[in-house]
Amino acid sequence: MTHKAIIFDLDGTILDSMPAWENIDAEFLTENNIVPPVGLSDIMKTLSFAQSAQYFVDEFKLDKQPIQVMDRIRELVDEKYRYFIELKPYVLDFLQKQANKGVKMCIASATHLELAVLALKRLEIYDYFEFVLTCGDVGFGKDDPEIYLKAAEMLKIPVGEVAVFEDALHCVKTAKSVGFYVVGVYDKSAELDTPEIIKYCDKYILGYDELL
């Protein structure tokens, strides 16, 4: 795999953070006296942070503004990003290898910028990346290719020379649809989608040791 740049997803791709998110939506609804519906996590994983907040307000008729929902969810997960979430195995080794080769790297994430930066700096990998771009910055979730196209534009590298690393099916499909080389990264949260993810990827890895 030889590319001039790599766009990394954050949660589930380089951070082992998906368990931190698995119950947050249900926790938020429960504290607002709402019984979390079946299949909530499947809906949430396709939405950006802002879209998720708007969904909660609209779907559950909350007497809150989306910004208030976002603030509360950030409070619920802040401690996890600040103190506990770790890198997936061999991520640091892979980043070092790519940096030594002169590959430009960035983050494109649906997670709020403040949370992303908290974890990246604590884990001492923030400086490997040219920038952190979020769905909130571009105004679209990852069911739209804008975040990947904007990241490539900011990297100043043509799409055909950029690899995208993702763990979720809808993200893999979106990046592939506009011509990126896509590397699927195994994460337990997307295990049921693995066969479909593999179909859309140019390469699929169970762990970063496979690329060292």
In the stretch 114-135, the residues that are open to solvent by 70 Å² or more (accessible area, probe 1.4 Å) and at pLDDT below 95:
Glu114
Among the residues of the stretch 31-41, write down those that are under 15 Å from Glu75 (Cβ atoms) and either in contact with a strand residue (DSSP E or B) (Cβ under 9 Å, 6 or more places away or on another chain) or open to solvent by 80 Å² or more (accessible area, probe 1.4 Å) (or both).
Glu31
Identify all residues within the stretch 147-160 that are closer than 17 Å to Phe8 by Cβ and either acidic (Asp, Glu) or part of a helix (DSSP H, G or I) (or both); write none if there are none.
Ile147, Tyr148, Leu149, Lys150, Ala151, Ala152, Glu153, Met154, Leu155, Val159
Which is at negative phi and either in contact (Cβ under 8 Å) with a residue 40 or more places away in the chain or in contact with a Leu (Cβ under 8 Å, 6 or more places away or on another chain) (or both), of Glu210, Glu196?
Glu196
Within the stretch 136-146, is there a residue that is aromatic (Phe, Trp, Tyr), buried (at least 20 other Cβ atoms within 10 Å of the Cβ) and in contact (Cβ under 8 Å) with a residue 40 or more places away in the chain?
no
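For the stretch 99-111, how many residues are assigned to a loop (DSSP other than H, G, I, E, B) and open to solvent by less than 50 Å² (accessible area, probe 1.4 Å)? Outline the logic, then answer.
Of the residues in the stretch 99-111, the ones assigned to a loop (DSSP other than H, G, I, E, B) are 101-103, 110-111.
So of that shortlist, the ones also open to solvent by less than 50 Å² (accessible area, probe 1.4 Å) come out as 103, 110-111.
Summing the residues that are assigned to a loop (DSSP other than H, G, I, E, B) and open to solvent by less than 50 Å² (accessible area, probe 1.4 Å) in the stretch 99-111 gives 3.
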Just for the stretch 133-154: of the residues that are in contact with a Phe, Trp or Tyr (Cβ under 8 Å, 6 or more places away or on another chain) and of a type in the set (Val, Ile, Thr), which one is farthest from Leu169 (Cα to Cα)?
Thr134
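Could you tell me how many of the residues in the stretch 71-96 are under 16 Å from Ile14 (Cβ atoms) and open to solvent by 80 Å² or more (accessible area, probe 1.4 Å)?
First pass over the stretch 71-96, keeping only residues under 16 Å from Ile14 (Cβ atoms): 80-81, 84-96.
Applying the additional criterion that residues be open to solvent by 80 Å² or more (accessible area, probe 1.4 Å) yields 84, 86, 89-90.
Number of matching residues: 4.
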Would you please name the residue that is nearest to the chain's Cα centre (by Cα), looking only at residues in the stretch 170-202 that are part of a loop (DSSP other than H, G, I, E, B) and of a type outside the set (Asp, Glu)?
Tyr186
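The values are calculated or read from the model by the stated rules, or taken from the named source; none is laboratory data. None of the values given here were measured: they were computed from a predicted structure. FYI the Cβ positions are ideal-geometry reconstructions off the backbone, even for glycines, and counts take in every protein chain you see. Note: accessible area is taken over every heavy atom of the protein model, side chains too, but ligands, DNA and RNA are not part of it. Shrake-Rupley method; radii C 1.70, N 1.55, O 1.52, S 1.80 Å.
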